[in-house]
Amino acid sequence: ADFNFGCLFRMANLKVLKAEKRNLLSSFFITLLIGIAYQQMITTVDTSIRVNGITIENILLILTFFFISMRFFIGNQLHLLSDAFLRLPGLVWIYDLMVIIVQSMIFIFLGGYVTVGANANSGIGFIELLIMLYSVDVGWISSQWLLGKYYPRWKREFVPKEWAILNFALVVIMVCVFILFDNLYCLGGVALIFIINLLGFIIDVVLIDHYEII
């Protein structure tokens with residue numbers, strides 16, 4: 001009985017240590033990348049202010065970046081630190097971490113397009129990167145369901161389908177905005193982008209609130 005208790009105690013300690021290592025690594029990478037994204041945003045804004053001063057369009061783009069980055073940063077961090085996720089096999093953890101790192105890298109590029117001037121004559125801009133970000137998230141959540149369906153070890157306690165539906169709707173709306181506006185970065189276009197993504201933030205963080213932080 002003592003031997004069995006000792007084995008169980010060591011196994012529990014190993015699980016705790018593994019969880020702590022995962023938390024440390026994931027927090028380090030995500031915090032580092034989101035910090036770089038904000039540094040990129042600050043550099044872009046500083047350059048724009050020196051040349052063009054402060055404009056309403058740029059303020060709206062900066063606020064859009066802030067709300068989207070906060071939404072993804074909070075959601076991704078809470079996902080990686082959740083007990084249900086930490087109980088999953090290591091390959092699932094690596095898979096999710098890689099996708100979240102990709103999303104964080106998109107934010108780095110997004111930070112370079114938070115001004116109207118940065119989007120001028122650019123082959124890819126703020127709204128295209130937003131569409132890419134939301135599309136990656138929809139694909140990731142869809143893959144969680146598919147992998148869990150065909151590989152029992154990858155099955156999760158829950159798949160955040162509401163996030164997939166919300167982000168798919170945002171992709172459709174962003175594509176429509178992209179098609180309808182000849183000049184996306186006029187005041188009307190930028191204001192619409194801000195309002196749409198602010199609503200997405202409110203729906204996600206306040207109404208869906210998967211991790212009950214509100």
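What helices (runs of 4 or more DSSP H) lie completely within the stretch 14-129 and have 1 or more residues being open to solvent by 20 Å² or more (accessible area, probe 1.4 Å), under 30 Å from R153 (Cα atoms) and at pLDDT below 95? Reasoning before the result, please.
Numbers: elements: 56-81, 83-86, 90-111, 116-119.
It comes to 56-81, 83-86, 90-111.
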**OP:** Would you check if E162 is closer than 23 Å to F67 by Cα, under 22 Å from the mean Cα position of the chain (by Cα), of a type in the set (D, E) and open to solvent by 50 Å² or more (accessible area, probe 1.4 Å)?
**Re:** yes
Subject >> Among residues of the stretch 166-214, those that are within 19 Å of H79 (Cβ to Cβ) and open to solvent by less than 70 Å² (accessible area, probe 1.4 Å), counted >> reply: 12
Original post:
If you go through the stretch 53-75 one residue at a time, do you hit one that is touching a residue at least 24 places away in the same chain (Cβ under 8 Å) and farther than 22 Å from N197 by Cα?
Top reply: no
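The values are calculated or read from the model by the stated rules, or taken from the named source; none is laboratory data. Computed from a prediction, not measured in an experiment: that's the story for all the values here. Reconstructed Cβ throughout: ideal geometry from the backbone, glycine too, with neighbour counts over all protein chains shown. Just so you know, the surface numbers come from the protein's heavy atoms only, side chains and all, with ligands and any DNA or RNA stripped out. Shrake-Rupley method; radii C 1.70, N 1.55, O 1.52, S 1.80 Å.
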